[in-house]
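Here's the structure we're looking at; comments come further down.
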Amino acid sequence: MMKISRLTTCSDSEFSQIEKLINVLSTSCKANRKVVAEIMENKDTYLFVIRDDANNIVGMTTVCCFTIPTGRHASIEDVVILPEYQGIGLGRKLVQHALETLKATRLQYKVGLTSKPARIAANALYRSMGFVQKETNVYTLEI
Ligand SMILES: CC(C)(COP(=O)(O)OP(=O)(O)OC[C@H]1O[C@@H](n2cnc3c(N)ncnc32)[C@H](O)[C@@H]1OP(=O)(O)O)[C@@H](O)C(=O)NCCC(=O)NCCS
């Protein structure tokens with residue numbers, strides 16, 4: 001039985017589990033304890049984790065809610081499951097949980113996410129959950 005919850009405190013061992021997941025997502029990003037603390041303090045940002053029977057974190061995603069003149073938006077970010085737990089429905093469960101949490105607020109959200117075309121499983125997952133691809137150019141700038 002896999003449990004999903006919002007992370008509100010983070011022990012050293014939980015942090016190292018998160019660190020492992022960040023390494024699955026990216027070879028260039030480093031986990032940072034202060035950043036995790038900042039996420040947990042922010043009421044508009046939800047870090048959802050999914051745990052195995054031994055209570056170890058085996059997957060996570062972060063949902064960021066923000067309001068702009070065109071409405072309330074929620075962005076689903078950094079969806080990741082440990083490789084040994086992939087392909088058994090946990091990613092879908094996690095994203096479903098994120099959407100249900102937003103629905104439970106009874107507020108109207110435009111939910112967005114991005115995924116590189118090379119991420120075959122992720123793109124298939126999002127499409128199968130009803131996300132529709134939008135033509136847009138994505139830009140980033142590190143400051
Ligand atoms: C993407 C990811 C989160 C999906 O989680 P998961 O637990 O492995 O996926 P699930 O078992 O819940 O499968 C959900 C759907 O994803 C798709 N999928 C999963 N594995 C797939 C694979 N190997 N090839 C193609 N599609 C796949 C299928 O559509 C599947 O639905 P189905 O089982 O009904 O066919 C996970 O594979 C992962 O962590 N990948 C590495 C990190 C990553 O790419 N993150 C996304 C960043 S945008």
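The values are calculated or read from the model by the stated rules, or taken from the named source; none is laboratory data. The structure displayed is predicted, hence computed values, not measured ones. Virtual Cβ from ideal backbone geometry, glycine too; neighbours counted across all protein chains shown. Accessible surface is based on the protein model in full, side chains and every heavy atom, while ligands, DNA and RNA are left aside. Shrake-Rupley method; radii C 1.70, N 1.55, O 1.52, S 1.80 Å.
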So how many residues does segment 66-115 have that are touching a Ser or Thr at 6+ places or on another chain (Cβ under 8 Å), under 27 Å from MET1 (Cβ atoms) and of a type in the set (Gly, Ala, Ser)?
1
Answer yes if at least one residue in segment 133-142 is open to solvent by 100 Å² or more (accessible area, probe 1.4 Å), out of contact with any helix residue (DSSP H, G or I) (no Cβ under 6 Å at 6 or more places or on another chain) and of a type in the set (Phe, Trp, Tyr), and no otherwise.
yes
If you scan segment 61-84, which residues turn out to be over 16 Å from the mean Cα position of the chain (by Cα) and surrounded by 15 or more Cβ atoms within 10 Å (Cβ to Cβ)?
ARG72
Search result, residues across segment 86-108 that are in contact with a helix residue (DSSP H, G or I) (Cβ under 9 Å, 6 or more places away or on another chain) and more than 7 Å from the ligand (Cβ to nearest atom):
VAL95
Which residues, taken from segment 20-53, are more than 15 Å from the ligand (Cβ to nearest atom), over 21 Å from GLN96 (Cα atoms) and at pLDDT 95 or above?
ASN32, ARG33, LYS34, VAL35, VAL36, ALA37, GLU38, GLU41, ASN42
The lone condition LYS116 fails out of (1) modelled with pLDDT of 95 or more; (2) loosely packed, with under 12 Cβ neighbours inside 10 Å; (3) away from the ligand (no atom under 15 Å from the Cβ) is (3)
When both residues are 6+ apart or on different chains and their Cβ atoms are under 6 Å apart, which pairs have a first residue that lies in segment 52-66 and is farther than 20 Å from PRO83 by Cβ, and a second that is away from the ligand (no atom under 11 Å from the Cβ) and open to solvent by 10 Å² or more (accessible area, probe 1.4 Å)?
VAL63/TYR46; CYS64/THR45; CYS64/SER75; CYS65/ASP44; PHE66/HIS73
Tally the residues that are more than 15 Å from the chain's Cα centre (by Cα), among the aliphatic types (A, V, I, L, M) and more than 23 Å from LEU82 (Cβ to Cβ), restricting the search to segment 104-131.
2
Out of segment 75-85, which residues are hydroxyl-bearing (Ser, Thr, Tyr) and within 8 Å of the ligand (Cβ to nearest atom)?
TYR85
Can you report the number of residues in segment 17-45 which are of a type in the set (S, T, N, Q), surrounded by 12 or more Cβ atoms within 10 Å (Cβ to Cβ) and either farther than 11 Å from ILE57 by Cβ or free of Cβ contacts under 8 Å to residues at least 24 places away in the same chain (or both)?
4
If you scan segment 1-16, which residues turn out to be open to solvent by less than 80 Å² (accessible area, probe 1.4 Å) and at pLDDT below 95?
MET2
